[in-house]
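Asker: Provided herewith is a single structure, encoded as structure tokens, for subsequent inquiry.
The values are calculated or read from the model by the stated rules, or taken from the named source; none is laboratory data. What you see is a predicted model; the values in this text were computed from it and never measured. Cβ coordinates were reconstructed from backbone atoms using ideal geometry, including for glycine residues, and neighbour counts include every protein chain displayed.
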Amino acid sequence: MTPEEAWLRTSVGTSDADSITVQGRDLAGELMGKVSFTELAFLLVRGRLPDAGQTTMLDAVLVSLADHGLTPTVIAARMTHTGAPESLQGAVAAGLLGAGDVFLGVVENTARLLADILQEVDDAEADEEALRAAADAAVRSLLDAGRRVPGLGHPVHKIEDPRTPRMYELAQGAGQLGPHLRLLRIVADVHKEVTGRALPINGAGVAGAALADLGFKADIVRGFALVARTAGLVGHLAEEMEQPIGLKLYGDVEQRAQYEPPK
């Protein structure tokens, strides 16, 4: 390989006539039947297999984000299937495209916020007073800019998101209660002090903190939300094939929508 061609490389995977290699391991001989999909996902991104505690937490994150009912992402997938039933991949893709700042993308936004705050104190093991001061500055900055604090609040779970205490319980038991999860609780407390409103830590936020504590950078954590939600979308599309609601949803909207002439 010439120096000009040296950029064309990958360490993730390769294959030849007789084998497939993933992160330096033989797929058929070393991975299939020996590691879970959760462990494989960790290996693909981090380049090594997780320990038991890390597996527990990543698995919990993936399970927690798989489905949340007839959310906009699910409705988009079902409606796309209604219009193009021959394109399962199109329906899944349509659902995933809605992973933004309101739904699912909160995983990334929370991880990024927490990482930025920890960078300000420059010490993951800083005392709570220093963390609280940095969190206070970050929360006030967001609120002053008219922005919401990612990871807090939920349209359905007004008091407590049931995924949140369970995630903290699992993290404690698995020895994975790291600086990002601890800081997220401080951010929630500070937000309450500043605004007088107690907003619960939501499932996407606690998932983002847990992923950050597993060593994943904020730039990639949304990918795990997409992996998890793909399973949920496939489940909804399987149901849509057997018990379709897409056409009735369209008909209901079409019937009730009021046309208003332009002014």
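Asker: Could you list, in sequence order, the residues of segment 139-152 that are surrounded by 20 or more Cβ atoms within 10 Å (Cβ to Cβ) and in contact with a Leu (Cβ under 8 Å, 6 or more places away or on another chain)?
Answerer: Residues satisfying the conditions are 149, 150, 151, 152.
Asker: Follow-up. Answer yes or no as to whether residue 84 is of a type in the set (Gly, Ala, Ser) and either within 29 Å of residue 141 (Cβ to Cβ) or not assigned by TED's automatic domain parsing to the domain that holds residue 156 (or both).
Answerer: In short, no.
Asker: Just to be sure before I move on: is residue 178 in the same structural domain as residue 129 (by TED's automatic domain parsing) and surrounded by fewer than 24 Cβ atoms within 10 Å (Cβ to Cβ) in the structure I sent?
Answerer: Judged against the criteria, residue 178 is a match.
Asker: What's the total number of residues in segment 1-40 that are surrounded by fewer than 11 Cβ atoms within 10 Å (Cβ to Cβ) and touching a residue at least 24 places away in the same chain (Cβ under 8 Å)?
Answerer: 1
Asker: Okay, moving on. Please enumerate the residues belonging to segment 171-195 that are closer than 17 Å to residue 132 by Cβ and small (Gly, Ala, Ser).
Answerer: 188
Asker: For segment 146-172, which positions are assigned to a helix (DSSP H, G or I) and touching a residue at least 24 places away in the same chain (Cβ under 8 Å)?
Answerer: 163, 164, 166, 167, 168, 170, 171
Asker: Scan 218, 231, 225, 238 and give me the residue that is modelled with pLDDT of 95 or more and either out of contact with any Asp or Glu (no Cβ under 9 Å at 6 or more places or on another chain) or exposed (fewer than 13 other Cβ atoms within 10 Å of the Cβ) (or both).
Answerer: Result of the check over 218, 231, 225, 238: 238.
Asker: Determine, yes or no, whether residue 170 is on the phi < 0 side of the Ramachandran plot, buried (at least 21 other Cβ atoms within 10 Å of the Cβ) and at pLDDT 95 or above.
Answerer: Considered against the rule, which asks whether it is on the phi < 0 side of the Ramachandran plot, buried (at least 21 other Cβ atoms within 10 Å of the Cβ) and at pLDDT 95 or above, residue 170 comes out as no.
Asker: Tally the residues that are under 18 Å from residue 76 (Cα atoms) and either among the polar types (S, T, N, Q) or surrounded by fewer than 10 Cβ atoms within 10 Å (Cβ to Cβ) (or both), restricting the search to segment 241-256.
Answerer: Within segment 241-256, residues that are under 18 Å from residue 76 (Cα atoms) and either among the polar types (S, T, N, Q) or surrounded by fewer than 10 Cβ atoms within 10 Å (Cβ to Cβ) (or both) number 3.
Asker: Quick check on this structure: which one of 143, 184, 177 is in contact (Cβ under 8 Å) with a residue 12 or more places away in the chain and within 22 Å of residue 68 (Cβ to Cβ)?
Answerer: 184
Asker: Of the residues 110, 2, 21, 38, which single one is in contact with a strand residue (DSSP E or B) (Cβ under 6 Å, 6 or more places away or on another chain) and of a type in the set (Val, Ile, Thr)?
Answerer: Of 110, 2, 21, 38, the one residue that is in contact with a strand residue (DSSP E or B) (Cβ under 6 Å, 6 or more places away or on another chain) and of a type in the set (Val, Ile, Thr) is 21.
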